[in-house]
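One structure is given here, and the rest of the page talks about it.
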Amino acid sequence: MVERDGQTAIDYYQTIPHVVEVHGHEYAFVVRADICMAWILNGDVDAILAVTKVCCGNHPKRVYRLANEDDVRRWTNGGGR
């Protein structure tokens, strides 16, 4: 988990840019370096992580996850190491 300034980095499972609204806050998930990520206020993290999608066989799957340091570094720097 990577935090900064009261926000946590969250990844989306696909590389599709989109906007999510939680508790009146809008978060833009942006694709950089083949990673779809946004910085989420710490108070909204649990709500984002609880979002699921139903896929094959009606099995719910979580679509957001805590970003790791490597993902955040690549997303922030636009790729590379």
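Every number in this text was worked out from the coordinates using simple rules, so none of it is lab data. Keep in mind it's a predicted model, so treat the numbers as computed, not measured.
Brief remarks on what is shown
- Most mobile listed residue (43, 24, 57) in the chain, GNM with C-alpha springs under 10 Å: 57
- Stretching the chain fully between residue 68 and residue 49 yields a gain of 5.4 nm (0.36 nm per residue, less the alpha carbon separation).
- Compared with the alpha-carbon gap, the fully stretched path from residue 58 to residue 14 is longer by 13.9 nm at 0.36 nm per residue.
- Going through (1) 50, 42, 23; (2) 38, 27, 20; (3) 43, 23, 15, the figure that equals Cα extents along the principal axes in Å as computed for the structure here is (2).
- Take every Cα pair under 8 Å whose residues are at least 6 apart in sequence, average their separation, divide by the length of the range 3-77, and the relative contact order is 34 percent.
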